[in-house]
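**Q** Structure in structure tokens, see below.
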Amino acid sequence: MTVSFRFIHAADLHLDSPFRGLAKAPEQVRAALSDSTFAALRQLTQAAIHEQVDFIVIAGDLFDEADRSLRAQLMLAREWEKLHEHGIAVYVIHGNHDPLSGKRAALQLPPNVHVFGADQMEYRPAYRKSGELAAFVYGRSYGTRIMTENIAAAYRIEPEAPFHIALLHGNVDGDASHDPYAPCSLSELTGSNGFDYWALGHIHHRRVLHEYPHVVYAGNAQGRNPRETGAKGCYLVEVSAAKAVEMTFLPLDVVRWLEISHSIAEASSEQELLQQLESLMDVHLLESAGRSIMLRVNLVGRGRLHQKLSEPLIVRTLLEQLQERQSFAVGEPWLHLYRMEAATGAELDWEQLEEEDSFAGELYRLSALLEADQTLWHEFAKDAVSGMAGHAKLGRLLHDKWDELPERWLEQARELTLGAIYGGNERDG
């Protein structure tokens, strides 16, 4: 008999993950970041209890290092004991960051936890709290950090269960942003192998690759660097008696990394821009639902301040001014503006420039011609940088760019030259 049940799919906890490059951040920020992966784990426990789930599956990389810290191991065991008190089982595989070959303390895990071994795929029954069989859970941990084998190819269901959940820590369809561990294809996972839900880990951006059967990356529980922006957490999965699957994202992160863009079009002075950015920061903190924010701002658009913002010292000064106005009250969420960059443009009328009989008009028409003809652009650019390419230091620094000759160089050169011609009168004397 098929019964309805609910479980949580989490992955990539990366407990005790270090946060590098923030030595100049306020002490409260560094302390919160250091504790954030542990705080997300506590949030996971609270969510499981609050949602009254029957069990949890965790798809690898519970720890950030193979030689996991004692603090992380003790914290995890303590949280799993809380789940045991509420009758919630936990099914776990280890991934490339925390393979079973890593050093670990001799801790006795509570009986509600099953850690899958590394020798071969295993399966375990998962029950509802009321005792009925809900599903079989299948998994295989990494024995060592490097896993190049397609382990998913060996997954096979045992037909006695009403629902089949496969735990896999790997790279589906070769995501280039992550290491190619346990590689497999989506078509393999969605084929006629009988699995109803593939609970994936390794890729830190949550995504649903397929439905019925469901192939799902839960993403990581807590953003760990500026590249891991947006809400992080886990999925609450509800399975009906008819095997219908409903998924709800549950945020677990206590510090959220955000990157936003702000146009300078409506700012006539540095003071006005500061006021706009302060208001923007206030809005993001109010909308943070009680969590703290690590914010990066990219200044964009065209406006009167472009020429000044092309000077790194001006941007750095504005950043420092905003950082000085940040407040950090004990026990209260905070927002830390950790970086600000400018990619703005001068106030230019492109149509007028195209017709203008002037040096600036000639420059614009040349840039438009180069932009439209990639071969011509490469010839022009190679000739322009030939002196720098042969320079001892510049040649080494940009050795991988001389052949590529990024088209953004053309756009940057156009902005720099035309902005200087038309925006020079805005410089302070």
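The values are calculated or read from the model by the stated rules, or taken from the named source; none is laboratory data. If you're wondering where the values come from, they're calculated on a predicted model, not measured in any experiment. For neighbour counting, all protein chains shown are included, and Cβ atoms are generated from backbone atoms with ideal geometry for every residue, glycine included. Ligands, DNA and RNA are excluded from the accessible area calculation, which covers all protein heavy atoms including side chains. Shrake-Rupley method; radii C 1.70, N 1.55, O 1.52, S 1.80 Å.
**Q** Considering only residues that are more than 20 Å from PRO226 (Cβ to Cβ), open to solvent by 50 Å² or more (accessible area, probe 1.4 Å) and assigned to a helix (DSSP H, G or I), which ones fall in region 297-334?
**A** Residues satisfying the conditions are LEU313, THR317, GLN321, GLU324.
**Q** Let me ask something else. Can you tell me how many residues within region 6-24 are farther than 12 Å from GLN222 by Cα and open to solvent by less than 10 Å² (accessible area, probe 1.4 Å)?
**A** So the answer is 3.
**Q** Taking region 216-228 only, how many residues are open to solvent by 50 Å² or more (accessible area, probe 1.4 Å) and hydrophobic (A, V, I, L, M, F, W, C)?
**A** Qualifying residue count for the region: 0.
**Q** Regarding region 188-207, can at least one residue be identified that is at positive phi and at pLDDT 95 or above?
**A** Within region 188-207 (the criterion being at positive phi and at pLDDT 95 or above), the answer is yes, since at least one residue qualifies.
**Q** As an exercise: evaluate ALA231 against (1) part of a loop (DSSP other than H, G, I, E, B); (2) crowded, with 21+ Cβ neighbours inside 10 Å; (3) assigned by TED's automatic domain parsing to the domain that holds PRO159 and give the number of the one condition it does not meet.
**A** Result: ALA231 fails condition (2) only.
**Q** Could I ask something else about it? Pick out the one residue from ALA221, ALA161 that is farther than 27 Å from ASP282 by Cα and small (Gly, Ala, Ser).
**A** ALA161 is the lone residue from the list that is farther than 27 Å from ASP282 by Cα and small (Gly, Ala, Ser).
**Q** Among the listed residues LEU348, LEU337, LEU405, which satisfies the condition of being surrounded by 17 or more Cβ atoms within 10 Å (Cβ to Cβ), at pLDDT 70 or above and part of a loop (DSSP other than H, G, I, E, B)?
**A** LEU348
**Q** Could you run through region 234-264 and say how many residues are closer than 21 Å to ALA343 by Cβ and either open to solvent by 50 Å² or more (accessible area, probe 1.4 Å) or of a type outside the set (A, V, I, L, M, F, W, C) (or both)?
**A** Qualifying residue count for the region: 4.
**Q** In addition: Mind counting the residues in region 35-68 that are of a type in the set (Ser, Thr, Tyr) and either under 28 Å from SER130 (Cα atoms) or surrounded by fewer than 15 Cβ atoms within 10 Å (Cβ to Cβ) (or both)?
**A** Of the residues in region 35-68, 1 are of a type in the set (Ser, Thr, Tyr) and either under 28 Å from SER130 (Cα atoms) or surrounded by fewer than 15 Cβ atoms within 10 Å (Cβ to Cβ) (or both).
**Q** Identify, by number, the condition in (1) closer than 30 Å to GLU51 by Cα; (2) of a type in the set (A, V, I, L, M, F, W, C); (3) out of contact with any strand residue (DSSP E or B) (no Cβ under 8 Å at 6 or more places or on another chain) that ILE157 doesn't meet.
**A** Going through (1) closer than 30 Å to GLU51 by Cα; (2) of a type in the set (A, V, I, L, M, F, W, C); (3) out of contact with any strand residue (DSSP E or B) (no Cβ under 8 Å at 6 or more places or on another chain) one by one, ILE157 breaks only (3).
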